[in-house]
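Read the structure below first, then the notes.
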Amino acid sequence: ERTGSTLKTISLKECSKISDPGLLHIAQGAPQLRTLTLTGCFLITHQGLLNLANNCKHLTTLDLSECIYLTDKAVKGIIKTIPSLSILNLRDCNRVAWNFELEEGVLYNNMKCICLSKTSITDLSIAFISKPFPELSILDVSWCDALTDVALKFIGARLLKLQSLNLWGLFSITNDGLEWVLRRCTSITSLAIADCERLTDELILSTITFLPKLKKMNLWGCSKIS
């Protein structure tokens, strides 16, 4: 888009030589930035992202996928410093475990989409994630194979406005855990449960019963569903 202080969108995807000083220069030159893609910029550290957050207070979309050295410290700082953030992509940030809790009672109602695919989150992480984002409509935790039915209990209890849920590759979840979500998150229109090997035919009936708005469902590799 336009340059200078009016710049709203920047993509630096696979610009692997971008580091913290370069990111700071960009942030200082584009304080009105709304969308930033940093996919594969693996030299960026938590300090670089905190500098970004302090300079770009209007960010709504931040793609940090494949920034492999990012940790929880960076994620927490970004969320606390940029309350306008609506979409956060942390796919393949395998050092991110979301082992932290945000301030008790503070809600981040602008957050609508979080992707944590192939990160190191656990059931406890989902407990922390599900509390401050009541307006979350898209959650991707695919291939986070430490997650169990316990995580689904937290999702079903707190993320009642979900419309898209990606559970691809969660080998440990069962019909009981997923049904807990389906009974409560009835606005879901897209459900990915591919390679969830413990799910059975009974789940299909539950899905039809509890998700009247469902438009898309991925069951690829669910070998017990006939």
With +1 on the Cβ of every Lys and Arg and -1 on the Cβ of every Asp and Glu, the dipole magnitude of the chain about its Cα centre, in debye rounded to the nearest 20, is 700
Note, ³J(HN,Hα) from phi for the range 14-26, Karplus 6.51, -1.76, 1.60, rounded to Hz, x at Gly and Pro
6, 7, 6, 8, 5, 10, 4, x, x, 5, 4, 4, 5
Probe 1.4 Å, protein heavy atoms only - accessible area per residue of the chain in square angstrom
46
Can you give me the angle between helix 72-81 and the longest principal axis of the chain, using Cα atoms only, in degrees from 0 to 90, rounded to the nearest 10?
70
For the chain, with +1 on Lys and Arg beta carbons and -1 on Asp and Glu, the positive-most of Ile204, Ile79, Leu191 along the dipole
Ile79
State the Cα centre-to-centre distance between the range 172-226 and the range 42-99 in whole Å.
31
Just list whichever of Lys161/Lys215; Lys131/Lys161; Lys13/Lys215; Lys76/Lys161; Lys131/Lys213 have alpha carbons separated by over 20 Å in the model shown.
Lys13/Lys215; Lys76/Lys161; Lys131/Lys213
Springs between alpha-carbon pairs under 10 angstrom, Gaussian network model over the chain: which of Val75, Val106, Val181 fluctuates most?
Val106
Top mean-square fluctuation among Gly40, Gly29, Gly156, Gaussian network model of the chain, C-alpha springs under 10 Å?
Gly29
Quick one: pull the percent of accessible area on the range 1-159 belonging to carbon and sulfur, 1.4 Å probe, ligands and nucleic acids left out.
54
Can you spot the aspartates and glutamates whose alpha carbon is less than 14 Å from Lys153's alpha carbon? Ignore those fewer than 8 places along the same chain.
Asp123, Asp176, Glu179
Among (i) -0.45, -1.22; (ii) -0.51, -1.33; (iii) -0.38, -1.14, the entry matching log10 I(q)/I(0) by the Debye sum over Cα atoms at q = 0.09, 0.17 Å⁻¹ as calculated here is (iii)
Please give the calculated 222 nm ellipticity per residue for the chain, where each DSSP H segment of at least 4 residues contributes -39500 (n - 2.57) and the sum is spread over every residue; nearest 500 deg cm²/dmol?
-8500 deg cm²/dmol
Considering the chain as a Gaussian network with a 10 Å cut-off on Cα pairs, which listed residue, Arg158, Arg91, Arg183, attains the greatest mean-square fluctuation?
Arg183
Going by alpha carbons, how many degrees (0 to 90, nearest 10) lie between the helix axis of 175-184 and the longest principal axis of the chain?
70
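The values are calculated or read from the model by the stated rules, or taken from the named source; none is laboratory data. Keep in mind that this is a model prediction, so the values were computed, not measured. When we count neighbours, we look across all protein chains shown, and the Cβ atoms used for this are built from the backbone with ideal geometry, even at glycine. Ligands, DNA and RNA are excluded from the accessible area calculation, which covers all protein heavy atoms including side chains. Shrake-Rupley method; radii C 1.70, N 1.55, O 1.52, S 1.80 Å.
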